[in-house]
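J.: This is the structure, below, for whatever I ask next.
Nothing in this text is a laboratory measurement; each read-out follows from the coordinates by a stated rule. Since the structure is predicted, the reported quantities are computational estimates derived from the model, not experimental observations. Note that each Cβ is placed from the backbone with ideal geometry, even for glycine, and that neighbours are counted across all protein chains shown.
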Amino acid sequence: MTWALLGAMSVIPTLLLCALWSLIPSDDETPPWRVALAQRLEHAAQHLRRHHPKPYDPFLTLRVQQRLGAVANHVQRLEADDRTFARAERIIASQLAYDQLLAEACRLAGVEVRPAARGDAQERFREEVELAARGWTW
């Protein structure tokens, strides 16, 4: 009986320490049981979360349309003025701002924004045509 008690007294703390040690995060690969548990908990949390769709704000669309018009007019004025200092840099910067506003308008209208080089005229034209087809004006 004393040998069994002595064996139990040495094995039980070892098992507890090993169990606690496995709970401490390390740089090694995550144990599969943790991954499975995390996936199940995340799946359960998805069912418990309430999804509230954001209400559509029509004034955001109007603001983007107004800014698109203002930046487009600014670019046209820069292209028409031959005496502006650092004209090329200003035109490039204004066109990049226009492209950013155009991408935001596409996201609002549900138009796909394709990855393209910055300042790509073909992509800009495609986005403008898609927005015009959806009734956008600026």
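J.: Report the full-extension gain for the segment Leu48 to Ala103: residue separation times 0.36 nm, less the Cα-Cα distance, to one decimal in nm.
T.: Full extension from Leu48 to Ala103 adds 16.4 nm.
J.: Modelling each spin label as a point 7 Å along the Cα-to-Cβ direction, I'd like the Ser10/Tyr56 distance in nm, to one decimal.
T.: The answer from the label model is 7.5 nm.
J.: Spin-label point model (7 Å from Cα, Cβ direction): what's the Leu96 to Arg126 distance in nm?
T.: My value for the distance between the label points is 2.2 nm.
J.: When only Cα pairs under 8 Å and 6 or more residues apart are kept, what is the percent relative contact order across the chain? Can you show the working numbers first?
T.: Numbers: 56 pairs, mean separation 27.2, N = 138.
Relative contact order comes out at 20 percent.
J.: Please compute the volume of the convex hull spanned by the alpha-carbon atoms of the chain and report it per residue in Å³.
T.: Considering the Cα atoms of the chain, their hull volume per residue is 223 Å³.
J.: So, one more: Can you find, among Trp138, Phe59, Cys106, the residue sitting farthest towards the positive end of the charge dipole of the chain, where Lys and Arg contribute +1 and Asp and Glu -1 at Cβ?
T.: Phe59
J.: Gap in Å between the Cα centre of the stretch 118-138 and the Cα centre of the stretch 1-78?
T.: Result: 37 Å between the Cα centres.
J.: Taking 0.36 nm per intervening residue step and subtracting the Cα-Cα distance, what contour gain separates Arg118 from Ser26 on full extension? Don't skip to the answer; put the middle values down first.
T.: Details: separation 92, 0.36 × 92 = 33.12 nm, distance 4.18 nm.
Using 0.36 nm per residue and subtracting the Cα-Cα distance, I get 28.9 nm.
J.: Magnitude of the Cβ-charge dipole of the chain, K/R +1 and D/E -1, about the Cα centre, nearest 20 debye? Don't skip to the end; give the middle numbers.
T.: Working: 17 positive and 17 negative charges, 100 e Å.
The dipole magnitude comes to about 480 debye.
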